[in-house]
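The structure appears below as structure tokens.
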Amino acid sequence: MEILSTGEKIKRARIYKGLTLKELCEDKISVSKMSCIENNKIKAEPWILEFTSKKLDINYDYLSKDVRDHLLENLENIKNNNNSINYEKELQYNLEYADEYRYDDISMSLMHLLFKYYLVKEDLKMLEDVQCKYYDVYQKVYNEENHKIYYIDMANYLFISKEYLQAANYYNNVKNLIMNGHNSSDNYNDLANIIYEEASCYVMMKEYEKAYSIIMKSIEYIQWVKEDLLKAEIYHMMAYLCLRMNDDRFSKYEEKAFKYYKEENIQKAKAMNEYASIMLELGLKDEGMEYINKGLKACPQEEKKEYIEYLLMVCDTLFKNSILEKADEICSVALDISIKIDDIHLIEKSYYTKSLICMKKESDYSAEMYMNLALDSLVKFAPKKDIYNRYLEMGKMYFKFDNVREALKYFNLAIKIEKFI
């Protein structure tokens with residue numbers, strides 16, 4: 001993926017062959033002109049490239065490709081190989097050249113891909129680091145399409161940063177931009193997606209009435225949605241909000257959502273857990289538990305990490321509604337599988353969830369044991385801020401247990417680590 005200008009290729013090949021500029025040029029080209037070509041001050045005409053390629057034994061097509069050509073070629077290769085282990089490095093490498101040669105349109109495309117990469121990883125530190133640079137590039141190549149791309153990226157960044165109101169404003173800006181643009185199936189597909197994302201922000205803020213009024217506007221665009229999973233998610237949100245708003249169309253949209261989810265699909269299982277959560281919250285315990293059990297049956301178990309995370313999500317739903325025996329039973333399954341696959345993050349999360357359940361059951365000895373086991377795992381991978389928060393939590397736990405000595409121990413540990421955060 002090395003990027004060289006035409007002039008750099010000529011100079012490198014000439015030196016390799018041991019030729020002076022005069023020997024290369026003969027009487028065909030002026031030495032001063034070739035010097036300017038080698039130093040990227042002027043572009044070489046096709047006849048010069050043809051003469052030079054024969055003289056230096058370089059492929060003409062390769063020689064005629066300049067930095068911009070290489071960058072565009074690399075950009076396509078990167079897009080087609082987004083699972084490459086060097087994906088981030090390749091983006092950064094090409095971005096340096098695009099910036100150096102002021103190909104701002106290519107820089108915009110590369111920045112968008114790099115930003116999306118960090119979004120998927122939820123790497124807030126790197127997103128913050130590149131945010132200013134991304135804005136500068138976007139300003140240089142402002143047009144309607146780049147405006148849409150940049151605002152969606154910023155909205156997604158704000159969403160994972162839990163700045164939901166700001167994210168909703170960015171999504172709303174894009175929504176209005178699309179609605180005021182030309183009509184096309186692609187635009188309607190994008191519009192349905194943006195409406196879904198905007199409504200999601202208000203769901204996260206628990207402004208369900210606002211979310212309900214937004215998501216219902218997607219009905220007129222959903223027929224143009226290309227991906228079944230997105231259709232399923234939109235219908236699921238409609239069903240979810242109908243249930244919350246006591247709208248009798250819940251069953252109608254639930255059926256449509258399940259039509260577009262695959263038979264055994266983690267998203268389908270998560271949807272059932274969300275329905276169960278609302279039902280339990282509304283005091284519909286039998287209906288809620290029915291959906292909990294349906295979700296457990298629907299969740300595929302092949303991807304162990306996803307399965308464990310789902311089980312812990314169900315535990316959280318049950319825990320919040322004080323259905324502790326079932327939560328404890330499911331958490332034990334999650335813990336056993338976590339230990340079998342030796343995933344320290346999930347082991348820690350399972351132990352921690354176990355501790356919370358035991359605490360609520362007033363089983364202090366078990367709660368203490370599981371909390372300490374969770375801490376043993378946490379200190380092996382977590383940043384200092386997370387460890388600090390856990391020390392505080394453990395101090396409060398021991399204080400609740402009337403164990404002042406241990407409470408002081410963990411509060412002191414929190415004080416010691418706080419200065420390094």
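The numbers here are math on the coordinates, done by the rules we state, and not lab data. Bear in mind that the values here come from a model prediction, so they are computed numbers and not experimental data. With ideal geometry, Cβ positions are generated from the backbone for all residues, glycine too; neighbour counts draw on all protein chains shown.
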> So what's the net charge close to Val174: Lys and Arg +1, Asp and Glu -1, counting the other residues with Cβ under 13 Å from its Cβ?
Replying inline: -4
> Relative contact order (percent) for the chain, with alpha-carbon contacts under 8 angstrom and 6 or more residues of separation?
Replying inline: 6
> In the structure shown, do any of Lys231/Lys340; Lys231/Lys297; Lys210/Lys256; Lys349/Lys409 have a Cα-Cα gap over 30 Å, and if so which?
Replying inline: Lys231/Lys340
>> Placing +1 on the Cβ of each Lys and Arg and -1 on the Cβ of each Asp and Glu in the chain, which of Cys201, Asn293, Asn412 has its Cα farthest towards the positive end of the resulting dipole?
In response: Asn412
> GNM on the chain, C-alpha springs below 10 Å: top fluctuator among Met238, Met34, Met371?
Replying inline: Met34
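Report the equivalent ellipsoid semi-axes for region 283-421 in whole Å, largest first, defined as the square roots of five times the eigenvalues of the gyration tensor built from alpha carbon atoms.
Listed largest to smallest, the semi-axes of region 283-421 are 29, 19, 11 Å.
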>> Tell me the mean residue ellipticity at 222 nm calculated for the chain from its helices only (DSSP H runs of n ≥ 4, each -39500 (n - 2.57), averaged over every residue, nearest 500).
In response: -24500 deg cm²/dmol
>> Between helix 384-400 and the chain, what is the angle of the helix's C-alpha long axis to the longest principal axis, kept within 0 to 90° and rounded to the nearest 10?
In response: 10
>> Let's see if you can work this out: charge +1 on each Lys and Arg Cβ, -1 on each Asp and Glu Cβ, no other charges. What is the dipole magnitude of the chain about its Cα centre, in debye to the nearest 20?
In response: 800
> Which entries of Lys121/Lys206; Lys175/Lys285; Lys9/Lys89; Lys217/Lys252; Lys133/Lys268 show an alpha-carbon separation above 28 angstrom in the structure shown?
Replying inline: Lys175/Lys285; Lys133/Lys268
> To the nearest 10 degrees, how steeply does helix 285-298 sit against the main Cα axis of the chain, on a 0 to 90 scale?
Replying inline: 40
> When we measure straight from the Cα of Lys361, which lysines land under 18 angstrom away, once same-chain ones fewer than 8 places off are left out?
Replying inline: Lys320, Lys326, Lys396, Lys400
>> Cut-off is 10 Å between beta-carbons; in what order do Ser363, Ser184 appear when sorted fewest neighbours first?
In response: Ser184, Ser363
> Could you give the angle, 0 to 90 degrees to the nearest 10, between helix 104-121's Cα long axis and the longest principal axis of the Cα atoms of the chain?
Replying inline: 30
> So what J values fall out for region 406-421 if you push phi through Karplus, 6.51 cos²θ - 1.76 cosθ + 1.60 with θ = phi - 60°, rounded to Hz, Gly and Pro as x?
Replying inline: 5, 4, 5, 4, 6, 5, 5, 4, 5, 4, 5, 7, 4, 5, 9, 7
> Put +1 on the Cβ of each Lys and Arg and -1 on the Cβ of each Asp and Glu in the chain; which of Asn39, Ser322, Tyr221 then has its Cα farthest toward the positive end of the dipole?
Replying inline: Asn39
> Expressed as cubic angstrom per residue, what is the convex hull volume of the alpha carbon set of the chain?
Replying inline: 205
